[in-house]
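Since the structure comes first, as C-alpha cells, the remarks are kept for the end.
What follows draws every value from the coordinates through simple rules; no lab data is involved. Remember, predicted model here, so these are calculated numbers, not experimental data. Positions of Cβ are backbone-derived with ideal geometry, glycine not excepted, and every protein chain shown enters the neighbour counts.
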Amino acid sequence: MFITYFLVGVGLFTFLHVSGISHLFYLFIGILAIVIGVLNIKDFLWPGGGGFAIEIPQRWRPSVEKLVRKITSPVGAFLIGFVIALFELPCTGGPYLVILGLLAETATRPLAVLMLLYYNLIFVLPLIIITFLFYFGHSRGVKRVFGNQRKDVKRLLHLLSGILILVLGVVVILCLI
C-alpha cells in the first residue's frame, strides 16, 4: 500500500507540476473533497443507502478474500497488495488528493517527495502495528477489538473522515477565492 500510494503520488505530483494545471486540479479536488465528505457522512447516517457506499462493494469482498488466501509468496503478496491499493485509492484517497493538490501548488519536487514519504508512512502505520500484533501472537485481542465493534467503528470512521474531508474541501475552495 505504501509503495502504491507513493508511486501514484509522485506520478500525479509530477504531472501537475509539469503541466501547470495544479490550480485547476486544486479546485477540482476541493469540489471532489466536499462530495466525498458528504457521501461519507451519508454512509454514517444511512449505511449503504442510495445503492452505494464509499468502500469496496460487498459483492466483491468474497472474491477478494479468496484471492488473498491463495497468495503464498512475498511477490504474490506484494502484487495483490498493489492491486488492492489501486482499488482502494478512490475510497481512501480524498485527503491524499487534497495534499497532492496543495503540494503541486506550493512545494518543490524534493520537498514533495519527502512529504509524500511521511504522509504514506503515517497512513500505513496502523496496518504495520496490526501486522506486528498478529506476528507476535496477539491475534485474538486484535480480532476481539475489531471483530465485535467493527460496524460501529466503521460507521464512526465514516462520520469522522466525512467531516474532515468536507472541511478540507471547503478550506481548499476558500483558499482559491
Subject >> Residue among V98, V75 that alone is in a helix (DSSP H, G or I) and without any contact (Cβ under 8 Å) to a residue 60 or more places away in the chain >> reply: V75
Original post:
Of the residues in the range 13-24, how many are more than 9 Å from E105 (Cβ to Cβ) and either part of a helix (DSSP H, G or I) or not small (G, A, S) (or both)?
Top reply: 8
Original post:
How many residues, within the range 65-107, are aliphatic (A, V, I, L, M) and loosely packed, with under 15 Cβ neighbours inside 10 Å?
Top reply: 8
